[in-house]
1. Pairs K61/K160; K11/K121; K11/K128: which exceed 26 Å Cα-Cα?
2. At 1.4 Å probe size, with every protein chain present, just tell me what the per residue accessible area of the stretch 30-127 comes to in Å².
3. Hey, can you rank 93-100, 56-63 by average C-beta count inside 10 Å, highest first?
4. Tell me, what % of the accessible area of the chain is carbon and sulfur with a 1.4 angstrom probe?
5. How large is the helix-only mean residue ellipticity at 222 nm for the chain, computed as the sum of -39500 (n - 2.57) over DSSP H runs with n ≥ 4, divided by its residue count, in deg cm²/dmol to the nearest 500?
6. Quote to one decimal, in nm, the extra length available between R130 and T4 on full extension: 0.36 nm per residue of separation minus the C-alpha distance between them.
7. Between helix 10-25 and the chain, what is the angle of the helix's C-alpha long axis to the longest principal axis, kept within 0 to 90° and rounded to the nearest 10?
8. In degrees, nearest 10, range 0 to 90: what is the angle between the Cα axis of helix 112-122 and the longest Cα principal axis of the chain?
Amino acid sequence: MIPTSYKAKKKFMELAIAEAKRAGDRGDYPIGAVITRVVGKSESIIASAGNRVKTSGSSIKHVELEMLKYVSSGYGRYLPDFVLYSTHEPCAMCAGACVWSKIGAVVYGVSQEDIDAYGSKHGNEVYKWRACLISCRFVFERGNHPIPVVGGFLRKECQKLFSYRAR
C-alpha cells in the first residue's frame with residue numbers, strides 16, 4: 001500500500017511527458033503515462049506508454065486504462081504497490097479502473113478542468129480535447145477505495161502538451 005505521504009518523482013512524470021510527445025508524433029493525442037512499483041524505499045518503472053485513442057480508432061483506448069490492463073496481466077488483479085503517473089487527470093472511466101485495480105496512488109499533471117478549458121477554446125475536429133468533468137478524487141471516494149492523489153504535478157509542462165504537434 002502506498003502511504004498518503006507519497007512524494008511524486010519528477011523523473012517519472014518527465015518520462016510520461018516524453019511518451020505523450022511520442023504519441024503526438026504518431027498522430028495521437030499527446031497524453032502519456034507511466035506505472036511504477038514501490039518496494040520499500042525503492043521505486044522502479046514497470047511500464048510507460050502514450051495514448052492510442054486516435055490511432056486505434058477506439059474511444060476507450062485511453063493510455064491509463066491500457067497501462068492498468070497491461071500491468072495487471074503481469075502482476076495480478078490488484079496493484080496496491082503501484083503508482084500511476086499521467087500527464088492528464090484520469091477520466092471517470094480510467095479512475096474507475098484505478099478503483100477496480102486497487103492502484104496504490106495516482107499522480108497527474110493537468111486536470112479535467114484544464115482539459116475542458118483548452119478544448120472549449122482550441123478544440124477542433126482533429127483534436128477535440130473533450131473532458132469528463134468528474135474528478136478522479138470523486139470517483140475514488142465513491143469507489144470506496146482511498147487512493148492518494150497528487151494533482152497538478154509539473155502542470156505547466158503538461159499544459160504545453162495541449163499544443164504539441166508532430167515535428
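1. Checking Cα-Cα distances, K11/K121; K11/K128 exceed 26 Å.
2. 44
3. Listed from highest to lowest mean packing, they are 93-100, 56-63.
4. Result for the chain: 53 percent of the exposed heavy-atom area is carbon or sulfur.
5. -11500 deg cm²/dmol
6. 42.3 nm
7. 40
8. That helix lies at roughly 10 degrees to the long axis.
The values are calculated or read from the model by the stated rules, or taken from the named source; none is laboratory data. Quick caveat: nothing in here was measured; it's all calculated off a predicted structure. No Cβ is skipped: glycine too gets one built from the backbone with ideal geometry, and neighbour counts run over all protein chains shown. Remember, those area values only see protein heavy atoms, side chains included, never the ligands or the DNA or RNA. Shrake-Rupley method; radii C 1.70, N 1.55, O 1.52, S 1.80 Å.
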